[in-house]
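Okay, structure first, notes after.
The values are calculated or read from the model by the stated rules, or taken from the named source; none is laboratory data. All of these numbers come straight from a predicted model, not from anything done at the bench. When we count neighbours, we look across all protein chains shown, and the Cβ atoms used for this are built from the backbone with ideal geometry, even at glycine. Please note that ligands, DNA and RNA were not included when accessible areas were found on the heavy atoms of the full protein model with its side chains. Shrake-Rupley method; radii C 1.70, N 1.55, O 1.52, S 1.80 Å.
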Amino acid sequence: MKSVASAPGKVILFGEHFVVYGISALLCSIDKRVIVTSQTTDEKMIKIESDIGHIEMSNNSLSIMNESTPKTMKPFLYIIKKTLERFKKDVGIEVKIESEISPGIGLGSSSACCVAAAASITALFEKLSREEILKLAIEAERTIFENTSGADCSVCTFGGLMEYDIKNGFKKINSKADFALVIANSKQTHQTSELVEKVRKFRENNEDLFASLCEQESALVQNALLALEKNDLSRLGLLMSENQAYLERIGVSTGTLDVFIKEAKKTAYGAKITGAGGGGCIIALTDKSNLNQTLANLKNCGECFTAKIDYRGLLDTF
Ligand code: PMV
């Protein structure tokens, strides 16, 4: 039995970090995917193969995941263990992960991996609902990032534009906004958990400032929703640049990313980091009037490419 699933990566348009403290974030999935192929074997061996590592172990050893288990493999092993338990199966499983998204740069590669793996591995025994797959994917992501808000996995599963807050979960945004993003990857990888911890400390030492930034971010997100509704890209871009200023205040931007943003803003409607920061990528908002010029401005800024919104989300064939 063989099963294939794919899930898109994502960008955070507004609200990263503040989302951890209850503020809404706006996200969209992008047209870059992770593809996971799984198959059952009679060998009772678990084999995982990907660009970032591989592992081979007996299915009996799944219950002894510990400190020495490679971190990158933990979500996949978790999904396999839970799936074999749920369906009471004593078989081997081979998993192959292929990705168009580099890891650790804020484009949701680990969430897309968790979602596509949860769909592909469980479908070997039963096709689950998207809601059930999402739940398993978030649990799997928690093996490497305990405090994940779940926003990334949600948008990777359902696709399109989404508003997310911790209390109410995700809400689809039915916007006809027509934009292209120019993404510049600094190629400096980051650990989301470390950046989230850095912000926690910043908040601890700057309580009033942080509370005020949360309030401003919350108002900004409401304005961004209005701009999206009207497809007002000039306004949306200005709001993105304003969001960047808040992210700089909390210390998650870097000198390199600041330079990228300055270059992008020469022609784009606005620009900001996306995701945890401390490296990773910036996104610049464009349409066909300024896309090529923005790409040209950023040609010396790391690895640069364009992305559109993906409206499909999780696919169990592709
Ligand atoms: O892991 P990244 O770079 O996509 O960023 C996650 C966004 C944060 O707000 C920093 C953390 C979270 O769980 O929402």
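Observations
- Dipole in debye (nearest 20) - segment 215-318, about Cα centre, beta carbon charges: Lys, Arg +1; Asp, Glu -1: 340
- With Cα atoms as the point set, the radius of gyration and Dmax of segment 70-197 evaluate to 15.6, 49 Å.
- Prolate is the label for segment 158-251, because a/c, from the alpha-carbon gyration tensor with a ≥ b ≥ c as root eigenvalues, is 1.5 or above and a/b exceeds b/c.
- With 31 Å as the limit, the listed pairs K230/K262; K81/K201; K82/K172; K32/K127; K10/K88 have K81/K201; K10/K88 beyond it between alpha carbons.
- Against the chain, whose longest principal axis comes from its Cα atoms, helix 192-205 is set at around 50 degrees.
- With an a/c value under 1.5 for the gyration tensor axes a ≥ b ≥ c computed over the alpha-carbon atoms, segment 213-318 is described as rounded.
- The angle separating the long axis of helix 207-229 from the principal Cα axis of greatest extent in the chain is about 90 degrees.
- As a calculated quantity, the FRET efficiency between T317 and A211 at R0 = 45 Å, using C-beta atoms, amounts to about 0.45.
- Pairs of alpha carbons in the chain separated by more than 29 Å make up 35% of all such pairs.
- In terms of packing, defined here as the mean over residues of other Cβ atoms within 10 angstrom, the peptides 218-229, 276-287 line up highest first as 276-287, 218-229.
- Each Lys and Arg contributes +1 and each Asp and Glu -1, all at the Cβ; summed about the Cα centre of the chain, the dipole is approximately 420 debye.
- Of the solvent-accessible surface of the chain, computed with a 1.4 Å probe and all protein chains present, 48% belongs to carbon and sulfur.
- Extended-chain gain in nm, criterion 0.36 nm per residue less alpha-carbon gap, E229 and F87: 46.7 nm
- Between helix 233-249 and the chain there is an angle of about 80 degrees, using the helix long axis and the longest principal axis of the Cα atoms.
- 1.4 Å probe accessible area per residue over segment 56-145, in Å²: 44
- Relative contact order of the chain, defined on C-alpha pairs under 8 angstrom at six or more residues apart (%): 25
- If R0 is taken as 30 Å, the Cβ-Cβ distance between K299 and T189 corresponds to a FRET efficiency of 0.85.
- Per residue, segment 258-312 exposes 44 Å² of solvent-accessible protein surface, assessed with a 1.4 angstrom probe and all protein chains in place.
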